[in-house]
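Have a look at the structure below before the remarks.
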């Protein structure tokens, strides 16, 4: 069936390292993808998005890569900081956002 | 803009009682979504509206759940009667056309 999933439930990195969070999706017709960050006690917060006519998009310290051939999405965070510690979700947007389970990123100093 | 506003932030109620969650979307947004978040099931889409019209309610768990959007600036999610398994954080989100959705702070519901 259609679903959006993440490869790993947790990721631990050292401050200053680069982080890579992965996501697989199953619907080849999906044309819009979003990464969200959720901190404890808060709602998901938009990080970056990408449409299916692109394979890479960069923001401030973040890069999203889209591989439509294998239906894979990744979020790269450069120079990870303690403030990046949170749960990260990928979401697939058809008519409404469908979320994966989330990856908990822990950053140690 | 104050963002998506949800109320109450926390709700504790007894099993069998009616619960009403409220949402004010961002002005100008034409889509509104209700999600439920639990540890076991993650973020689940319950229902979404486009231009105040319910488009897809296939995620609503059962007939005890209902949602309305009487106008572009207000929506409610009602559970009647509530059950302990309804305990979760309920999020409202809004968006404009097919762009990113902005989430409220959520309502933490506890049914005892």
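The values are calculated or read from the model by the stated rules, or taken from the named source; none is laboratory data. Small disclaimer: the values here were computed from a predicted structure and weren't measured. For neighbour counting, all protein chains shown are included, and Cβ atoms are generated from backbone atoms with ideal geometry for every residue, glycine included.
Here is a check on your reading of the model: is residue A:76 farther than 23 Å from residue B:32 by Cα and more than 13 Å from the chain's Cα centre (by Cα)? Walk me through how you get there before you give the answer.
Values: farther than 23 Å from residue B:32 by Cα: yes; more than 13 Å from the chain's Cα centre (by Cα): no.
No; evaluated as a whole, the condition is false for this residue.
Scan region B:94-110 and give yes if some residue there is within 26 Å of residue A:40 (Cβ to Cβ), in contact (Cβ under 8 Å) with a residue 40 or more places away in the chain, away from chain A (no Cβ under 11 Å) and surrounded by fewer than 21 Cβ atoms within 10 Å (Cβ to Cβ), otherwise no.
Yes, the conditions are met somewhere in region B:94-110.
Filter region B:40-52 down to the residues that are part of a strand (DSSP E or B) and free of Cβ contacts under 8 Å to residues at least 12 places away in the same chain and list them by number. First the steps, then the outcome.
First, pick out the residues of region B:40-52 that are part of a strand (DSSP E or B): B:42-50.
The one that is part of a strand (DSSP E or B) and free of Cβ contacts under 8 Å to residues at least 12 places away in the same chain: B:42.
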Of the numbered conditions (1) buried (at least 21 other Cβ atoms within 10 Å of the Cβ); (2) out of contact with any helix residue (DSSP H, G or I) (no Cβ under 9 Å at 6 or more places or on another chain), residue A:77 satisfies every one except a single condition; which is it?
(2)
Within region A:60-71, identify whether any single residue is within 13 Å of chain B (Cβ to nearest Cβ) and either touching a strand residue (DSSP E or B) at 6+ places or on another chain (Cβ under 8 Å) or assigned to a loop (DSSP other than H, G, I, E, B) (or both), and answer yes or no.
yes
Residue B:55 passes all but one of the listed conditions (1) facing chain A (nearest Cβ under 10 Å); (2) in contact with a helix residue (DSSP H, G or I) (Cβ under 9 Å, 6 or more places away or on another chain); the exception is number (2)
For region B:76-85, state whether one or more residues are touching a strand residue (DSSP E or B) at 6+ places or on another chain (Cβ under 7 Å), closer than 22 Å to residue B:10 by Cα, within 14 Å of another protein chain (Cβ to nearest Cβ) and in a strand (DSSP E or B).
no
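Of all residues in region B:43-67, count the ones that are farther than 15 Å from residue B:103 by Cα and touching a strand residue (DSSP E or B) at 6+ places or on another chain (Cβ under 9 Å). Working first, answer last.
If we filter region B:43-67 for residues that are farther than 15 Å from residue B:103 by Cα, which is where we start, we get B:50-67.
Filter once more, so that each one left must be touching a strand residue (DSSP E or B) at 6+ places or on another chain (Cβ under 9 Å): B:50-61, B:64-67.
Of the residues in that region, 16 qualify.
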Only unsatisfied item for residue B:52, checking (1) at pLDDT below 95; (2) at positive phi, is (1)
Residue B:37 passes all but one of the listed conditions (1) surrounded by 17 or more Cβ atoms within 10 Å (Cβ to Cβ); (2) out of contact with any helix residue (DSSP H, G or I) (no Cβ under 9 Å at 6 or more places or on another chain); (3) without any contact (Cβ under 8 Å) to a residue 60 or more places away in the chain; (4) within 12 Å of chain A (Cβ to nearest Cβ); the exception is number (3)
When the residues of region A:24-56 are filtered to those that are in contact with a strand residue (DSSP E or B) (Cβ under 6 Å, 6 or more places away or on another chain) and more than 13 Å from every other protein chain (Cβ to nearest Cβ), which remaining residue is surrounded by the most Cβ atoms within 10 Å (Cβ to Cβ)?
A:25
